[in-house]
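To start, the structure itself, in structure tokens.
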Amino acid sequence: MQPNHNPKVLVVGTTADYIEWIRRACPGRALFLTEPGVRRTALEPAPAPVEELLSDLADYDAARDALRAHLLAWELKLDGIACFDCESMELTAVLAEEFHLSYPSAETIGRCRDKYASKRLWQESGVPCPRTRLVRSSAELGAFFEDIGGPCVLKPLTGSGSELVFCCSDPEECERALLEIRRGLEARETHRMYGNSVSKGPCVVAEEFVAGTEFSCDFLVRDDRVDVLRLTRKIHSTEGPFGTIRGYALVTRPPGDMDQRRFERVLGDGAKALGITDAICMVDFLVRDEGIVLLEMTPRPGGDCLPFLLREAGHLDPLILTLDIAQRRPVRPVLYTGAKNWVGLRLHAGRNGVLRAMDVRPLRRDPRVREVHLIRTPGHIVRMPPEDYDSWLLGHVLMEPFAEPDVETQCHELFGRFVVEIES
């Protein structure tokens, strides 16, 4: 066996479609540390044994030891480390320290993942964010609701997206949501995503509800400089749980009356308060008359259909950019300023059951549609929220909407052309 003299970037805990994406875009550049279950259910071809190591990512010691053995057996060296999934970021930080690679510390990851700690740090640093309290009982929740005058949003201490997130307009709704979150966390006790939510006791984060238009953004913070890479307005669904996103619309400038420099300063202050100094970050925020309000920030690029949206729009490849940053390669970050109003539309199932068929031909015939990407096949079992927030996502559509009507109306109309057969 010949030693491989090209150092690899280690990609920790990502999905099979991201692995295939990276392998096609830059063959031989990455080594993938992958959860065995991901490979078992993958639709994509498996990488060569030298390219991928399967290990239980919940067992940090075992993953570290397996990685050491793999590097030794194949005579590989690492010069970078990257992660695209929230539940794997802590392990990535542990491995980065072990192998002397550049990545945010485990402490920084903990601050980002903890929805109470992050907002407490922002409040202490003067970064605009919702008022927040950690509640352990109905009495504490009732006191918080009274303090802010309602409504409020309840969510687990850690988590992602709209999973187990509820908006409550009165104390009775708060009580029901609190019970639902606790039941959901008990059912997810072994999920890596919710380890801290379970281990730190029956804690739930209560936030004041802030009305405004919600956006998502990717930005690069490096050498005390902030560069915005992506801005998207979130298109909320009128169906499904609170916070369900129907799609994302690319925008070309900071929303509202905020200029670029002020916007970048708020992002930089938010990252600094959490201890992020050298990373590509994703942030969710609200825009209202008084300015922006940060909701969540994490040192990874936005996922879901967003990388596909940016790539198809011809702007940038966020996955490869993440590898470039991990390996300290020169990058020239530029905000998307294209003339086309690209939209990523998420395709959700409507009920529980076994997926029997999906007909996307009406979508492909539509002149607005540029790409249809399905992530499920017949036989897939759909379990609707709040039982499961992953299995009901079936794929996405990338589209260039017409000038009229509004984007929300077009997304709703286009989604209606997606034909799904589910057997109860």
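Here, each number is a calculation from the coordinates, and none is a lab measurement. Because the structure is a prediction, the values reported are computed rather than measured. Note: ideal-geometry Cβ built from the backbone for every residue, glycine included; neighbour counts use all protein chains shown.
Some points to look at:
- As a rough guide to protection, the peptides 396-403, 375-382, 179-186 ranked by mean Cβ packing within 10 Å, highest first, stand as 396-403, 179-186, 375-382.
- Histogrammed with a bin width of 10 Å, the alpha carbon distances of the chain distribute as 4, 21, 31, 29, 13, 2, 0 percent, first bin at zero.
- Alpha-carbon centroids, the stretch 345-397 and the stretch 1-74: separation in whole Å: 28 Å
- With 5 Å bins beginning at zero, the pair-distance distribution over Cα atoms of the stretch 8-103 amounts to 3, 14, 28, 28, 20, 7, 1 %.
- Here the stretch 217-267 is treated with +1 on each Lys and Arg Cβ and -1 on each Asp and Glu Cβ, and its dipole about the Cα centre works out to around 80 debye.
- Diffusion coefficient of the stretch 84-208 by Stokes-Einstein, Kirkwood radius over Cα pairs, 37 °C, 0.692 mPa s: 214 µm²/s.
- Highest mean packing comes first when the peptides 29-38, 156-165 are listed by Cβ atoms within 10 Å, giving 156-165, 29-38.
- Taking each of Lys8/Lys119; Lys115/Lys234; Lys8/Lys115; Lys77/Lys115; Lys155/Lys272; Lys155/Lys234 in turn, the alpha-carbon distance tops 26 angstrom for Lys8/Lys119; Lys8/Lys115; Lys77/Lys115.
- Using C-alpha pairs under 8 Å with a sequence gap of at least 6, the mean separation divided by the residue count of the stretch 8-103 gives a relative contact order of 33 percent.
- At full extension, Cys26 and Thr41 could sit 3.0 nm farther apart than now, given 0.36 nm per residue minus the alpha carbon distance.
- Helical content alone sets the calculated 222 nm signal of the chain at -9500 deg cm²/dmol, taking -39,500 (n - 2.57) per DSSP H segment of four or more residues and averaging over every residue.
- Here the label points at Ile381 and Asp289, each 7 Å from Cα along the C-beta direction, are separated by 5.1 nm in the simple model.
- Projected label distance in nm at Glu400 and Glu423, using a 7 Å step from Cα toward the beta-carbon: 4.1 nm
- Taking the average, over residues, of other Cβ atoms within 10 Å as the packing measure, peptides 287-293, 93-99, 110-116 rank 110-116, 93-99, 287-293 from highest down.
- The relative contact order of the chain, computed from alpha carbon pairs under 8 Å that lie at least 6 residues apart in sequence, is 13 percent.
- Cα gyration tensor shape of the stretch 227-330, rounded if a/c is under 1.5, else prolate or oblate by comparing a/b with b/c: oblate
- Rounded FRET efficiency, nearest 0.05, which uses the C-beta distance separating Val210 from Asp17 and R0 of 30 Å: 0.35
- Distance from the stretch 136-178 to the stretch 273-339 (C-alpha centre basis), Å: 29 Å
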